[in-house]
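K.L.:
Shown below is the structure under consideration.
The values are calculated or read from the model by the stated rules, or taken from the named source; none is laboratory data. Just so you know, these numbers come straight off a predicted model, no measurement behind them. A quick note on method: Cβ atoms are made from the backbone with ideal geometry, for glycine too, and the neighbour counts reach across all protein chains shown. Each accessible area value is taken on the protein alone, full model and side chains, heavy atoms only, with ligands, DNA and RNA left out. Shrake-Rupley method; radii C 1.70, N 1.55, O 1.52, S 1.80 Å.
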Amino acid sequence: VNYSSGVVFVSKYCKEIYEHLFGKLKKPHKIINNGVPLDTFNPIGKNFRSELKIEDNQFVLISSASWRRHKRLEETIKFFKIISKSIPNLTLIILGEQKNLNFQKEKNIIFAGQIKEKDLNYWYRTANMYIHLAWIEPNSNSQAEAIASGLPSICANNGGNFELINKTKAGIVSNCDKKVGLGLIDYYNPPEPDYNVLINDFLKIYNNYENYKKRIVRDNVDILKSAKE
């Protein structure tokens, strides 16, 4: 930063971390959230529901990450199991490699593993809703991909992911965690989210699904727009 002419941050959260560590930024700077190509990630086209034998009445959640502990895969699965007790027609798809994590095969949970970039949109289009419970994430590419694919989303309330949700009206920022300050934290020992809060937020989208889907502003996650900024 000291040798630069200016700084681009991918989220307001990242700027706040910088200024917490090093003081007020005196360089020219701009916050530009991640974007994705809208011609690659879009709601219309091929999906894998037929190949996966997912019935038309199944409501599919999807989550995607390079899974590390703060991304909270275990908690995502636990949340899915809780809501599945009252809503039987649910399926969960997990995209991404799970290094050093072993999960048994379970009914209605699909571990797709590492996905080629050219196939990502097919997987997103297979789902109805995106869920991203990462405890603290600066600004997620997968969140942008899901929004561009037309998926109403739920994300946790720490980090920078909520900025994408808010600017695209793409779903709900869940107050499932206590707000975390900018001091030192045990990053790979995240707390459990408040599952009751998550359930209520899920039901808001599930019970008003078409309204949430229609109001997504996909243009606000367009990589061409980011490039112009």
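K.L.:
Among the residues of the range 175-194, is there at least one that is over 19 Å from Glu74 (Cβ atoms) and of a type in the set (Phe, Trp, Tyr)?
P.N.:
Scanning the range 175-194, I find no residue that is over 19 Å from Glu74 (Cβ atoms) and of a type in the set (Phe, Trp, Tyr), so the answer is no.
K.L.:
Among the listed residues Asn121, Asn166, Asn158, identify the single one that is more than 11 Å from the chain's Cα centre (by Cα), closer than 30 Å to Glu16 by Cβ and open to solvent by less than 20 Å² (accessible area, probe 1.4 Å). Break it down into steps so the answer makes sense when it comes.
P.N.:
On the way: Asn121 fails: closer than 30 Å to Glu16 by Cβ; Asn166 fails: open to solvent by less than 20 Å² (accessible area, probe 1.4 Å).
Unique residue meeting the criteria: Asn158.
K.L.:
On the given criteria, is Ser50 among the polar types (S, T, N, Q) and under 29 Å from Asp219 (Cβ atoms)?
P.N.:
no
K.L.:
Quick check on the range 13-20. Is at least one of its residues open to solvent by 70 Å² or more (accessible area, probe 1.4 Å), over 17 Å from the mean Cα position of the chain (by Cα) and not aliphatic (A, V, I, L, M)?
P.N.:
Here is the first cut: in the range 13-20, the ones open to solvent by 70 Å² or more (accessible area, probe 1.4 Å) are 16, 20.
Next, only the ones that are over 17 Å from the mean Cα position of the chain (by Cα) stay: 16, 20.
When the remaining residues are screened for being not aliphatic (A, V, I, L, M), the result is 16, 20.
Looking through the range 13-20, at least one residue is open to solvent by 70 Å² or more (accessible area, probe 1.4 Å), over 17 Å from the mean Cα position of the chain (by Cα) and not aliphatic (A, V, I, L, M).
K.L.:
Looking at (1) under 16 Å from Ile62 (Cα atoms); (2) surrounded by fewer than 22 Cβ atoms within 10 Å (Cβ to Cβ), can you tell me which one Val173 breaks?
P.N.:
In the conditions (1) under 16 Å from Ile62 (Cα atoms); (2) surrounded by fewer than 22 Cβ atoms within 10 Å (Cβ to Cβ), Val173 misses (1) alone.
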